[in-house]
Amino acid sequence: MLSTGTLRAHLLAARLAGPVATTREQSLRSYRLFAARDPRATLGLSPERAWCERDLLRLMADRCGVSGDPAHVLGGDVIDPERTLSSLDAFAERLGAAAGRRAPVLFGTGHPHRLIGFYAGLADALSAAGCLVLTPAKGRCIDITTRFGVRTYRLDYVRGVALVRESEVSRAGSETGAHSHSPLPVRVALDSAAAAGGPLPELVVGDHGWVCGAGQLGIEAIGLADTDDPALFVGEAEGRVSVVVPVDDGVRSDYYRPLTRYVLNRACLSQ
């Protein structure tokens, strides 16, 4: 079993927590965009209250451990590993509860190159525990606004985890996919599941728009978020996202394997 101390050391060594690669400039830009209700930063969440940049900085200092000093505007950002560990425990508790009641679950990621292995390990364990891992709207085309204009993507699943691909990519089932913040994929998946008569997920696990989009629609959602993803932490603060784990979401994919092991151990889902 992976101990808390061992995982803490790994978080710091892999720069999943502690000083991370996400820059202070990136984080502050996201806070400005969120405060302006820019959809690139709200990720499908409609905040219940007005959040100014100072409010967001205080929230992120509390939930992630970033510096709360507004004069700190340059350099690297930081995530408190203790907050990461505490949130992973809460994340595991939600997974264990879903497994206990054999709930239908939907997994989705906007970081397929980095995080698909993390989510796929969880999906495998929940499936083995008797949960239905949903794959609605597979192959459906979705038009998403990007900085390059509107592009058409295709919803696909790899090992039970949803992702989007450029529409011309033909290798279905491969682990390539597009980086996306959009909530449209989860909305399309949920609409498809409802149109087919269900079942609907009782839990959505993922990041970016998958978590915020599901939480906005009243579905329990848990996931991972970096220091430049304030929307998920706002959703958690406002009660529409159940658990957010602060972690750098852009390191090597194999660095997330110990997190999968830790969560499954804590959720009593290790095989």
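Taken together, the values in this text are just the output of simple stated rules run on the coordinates, not laboratory data. Keep in mind it's a predicted model, so treat the numbers as computed, not measured. Note that each Cβ is placed from the backbone with ideal geometry, even for glycine, and that neighbours are counted across all protein chains shown.
Observations on the structure shown:
- Sites listed here are trypsin sites (Lys or Arg not before Pro) in the range 109-171 whose DSSP assignment is loop and whose Cβ has at most 10 other Cβ atoms within 10 Å: 147, 171.
- Averaging Cα coordinates gives a centre for the range 102-132 and one for the range 230-269; these two points are 12 Å apart.
- Close amide H contacts of residue 146 (hydrogens built in the peptide plane, cut-off under 5 Å, sequence separation of 5 or more or a different chain): 151.
- Per-residue [θ]222 nm for the chain (sum of -39500 (n - 2.57) over DSSP H runs n ≥ 4, rounded to 500): -12500 deg cm²/dmol
- Computed from label points 7 Å out along Cα-Cβ, the spacing between residue 58 and residue 238 is 1.7 nm.
- The modelled label-to-label distance for the pair residue 82/residue 192, using points 7 Å beyond Cα in the direction of Cβ, is 4.4 nm.
- The chain: radius of gyration over Cα atoms, expressed as a fraction of 2.2 N^0.38 Å: 0.94
- Mean separation of Cα pairs under 8 Å and 6 or more residues apart, divided by the residue count, gives the range 4-266 a relative contact order of 26 percent.
- Of the DSSP H helices in the chain, those that are both long (alpha-carbon extent of 18 Å or more along the helix axis) and hydrophobic (Kyte-Doolittle mean at least -1.0) are 81-100, 112-128.
- Once both labels are positioned 7 Å from their Cα atoms along Cα-to-Cβ, the gap between residue 72 and residue 89 label points is 2.4 nm.
- Protection proxy ranking, peptides 70-76, 117-123, average beta carbon neighbours within 10 Å, highest first: 117-123, 70-76
- Net length available on complete extension from residue 132 to residue 3 is 43.5 nm, with 0.36 nm assigned per residue and the Cα-Cα distance removed.
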